[in-house]
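Written below as structure tokens is the structure these notes are about.
The values are calculated or read from the model by the stated rules, or taken from the named source; none is laboratory data. Bear in mind that the values here come from a model prediction, so they are computed numbers and not experimental data. Positions of Cβ are generated from backbone atoms using ideal geometry, with glycine treated the same way; all protein chains shown enter the neighbour counts.
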Amino acid sequence: MSRAALLVLADGRFPAGGHAHSGGAEAAVQAGRITSAAGLEDFCRGRLHTSGLVAAATAAAAVLGVDPSALDAAADARTPSPALRLAARKLGRQLTRAARATWPSGELDALAREFPKGAHQPVVLGLAARAAGLSPQDAAHCAAYESVSGPASATVRLLALDPFDATAVLARLAPELDRVADRAVEAARRVAREGVDALPAASAPLLEIGAEAHAARGVRLFAS
């Protein structure tokens, strides 16, 4: 197992398309829910424990060899917002392209054929981690980190927030991120034994509502 592969996969410069998405931060800024580093921390904490947990468990389950088609259907069922489902599949398609070029894999090739418009991003992330020789814990950490690092980076641009303050938010959330990754792996092991109904279904209604409002805006900085 290569820890360097985890750094490559989690690197914000990995060409997986995440830079074009704010993870709901743009809608939260527009609604006045994020106005400072403190608001960003609250937002990221909420996202980490809801959609972040679901994404981390889904990715970890994919590493464990759970059927990606079943995981994709479960991810769809846990994403009520059509705008968020579309964003997840766009990100999944871009990640599939990048991962296939970086870690050639028959499983990734099969996923690309089955989902030409993209599978849900956490499913692809898990298969990419599997192809890179990473563990379920690695995939869960990567997904959980993405759930907060994207909004933090976007808020720097949206609010001209001091990058040091945004980075400090991520550092303060690190212990919680570890706990969420641990919970995600435990859930993924249950999924491997019991089926995809064992995946967490933590909801974040404001993220869903914000995503729909954001998609309807004529002018926006980020795709989602």
(message) Looking only at residues that are in a helix (DSSP H, G or I) and among the hydrophobic types (A, V, I, L, M, F, W, C) in segment 151-162, which one is farthest from the chain's Cα centre (by Cα)?
(response) LEU159
(request) Tell me which residues, restricted to segment 96-123, are farther than 16 Å from ASP11 by Cα and touching a Gly at 6+ places or on another chain (Cβ under 6 Å). (result) GLY118, ALA119, HIS120
(request) Out of LEU221, LEU207, report the one residue that is more than 25 Å from PRO68 (Cβ to Cβ) and either in contact (Cβ under 8 Å) with a residue 40 or more places away in the chain or touching a strand residue (DSSP E or B) at 6+ places or on another chain (Cβ under 6 Å) (or both). (result) LEU221
(message) Just checking, does segment 190-197 include any residue being closer than 29 Å to SER105 by Cα, outside any helix (DSSP H, G or I) and in contact with a helix residue (DSSP H, G or I) (Cβ under 8 Å, 6 or more places away or on another chain)?
(response) yes
(message) Looking at ARG100, ARG89, can you tell me which residue is without any contact (Cβ under 8 Å) to a residue 60 or more places away in the chain, under 25 Å from ALA20 (Cα atoms) and over 14 Å from the mean Cα position of the chain (by Cα)?
(response) ARG100
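Report yes if ALA112 is farther than 16 Å from GLY17 by Cα and surrounded by fewer than 16 Cβ atoms within 10 Å (Cβ to Cβ), otherwise no.
Here the answer is no, as ALA112 does not meet what is asked.
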(message) For segment 120-128, check the following and say yes or no: at least one residue is among the small types (Gly, Ala, Ser), crowded, with 16+ Cβ neighbours inside 10 Å and at pLDDT below 95.
(response) no
(request) Check PHE14 against each of (1) of a type in the set (Phe, Trp, Tyr); (2) at pLDDT 95 or above; (3) over 24 Å from ALA202 (Cα atoms) and name the one condition it does not meet. (result) (2)
(request) Need at least 2 residues that are surrounded by fewer than 21 Cβ atoms within 10 Å (Cβ to Cβ) and not hydroxyl-bearing (Ser, Thr, Tyr) per element, so show me which helices (runs of 4 or more DSSP H) inside segment 1-51 make the cut, counting only ones lying wholly within it. (result) 3-10, 37-47
(request) Considering only segment 150-177, state which residues are touching a Leu at 6+ places or on another chain (Cβ under 9 Å), buried (at least 21 other Cβ atoms within 10 Å of the Cβ) and within 20 Å of ALA87 (Cβ to Cβ). (result) PRO151, ALA152, ALA154, THR155
(request) Give me the pairs, please: first residue somewhere in segment 13-24 and polar (S, T, N, Q), second residue anywhere and surrounded by fewer than 20 Cβ atoms within 10 Å (Cβ to Cβ) and outside any loop (DSSP other than H, G, I, E, B), beta-carbon distance under 8 Å, and either six or more positions apart or on two chains. (result) SER22/LEU158
(request) Please indicate, with yes or no, whether at least one residue in segment 173-183 is touching a helix residue (DSSP H, G or I) at 6+ places or on another chain (Cβ under 8 Å) and not in a helix (DSSP H, G or I). (result) no
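This table checks each residue for (1) closer than 26 Å to GLU208 by Cβ; (2) within 15 Å of the chain's Cα centre (by Cα); (3) at pLDDT below 95.
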position	(1), (2), (3)
PRO68	yes, no, no
ALA77	yes, no, no
PHE115	yes, no, no
ALA139	yes, yes, no
PHE164	no, no, no
(message) It is to be established whether one or more residues within segment 62-81 are hydroxyl-bearing (Ser, Thr, Tyr), touching a residue at least 12 places away in the same chain (Cβ under 8 Å), surrounded by fewer than 24 Cβ atoms within 10 Å (Cβ to Cβ) and part of a loop (DSSP other than H, G, I, E, B).
(response) yes
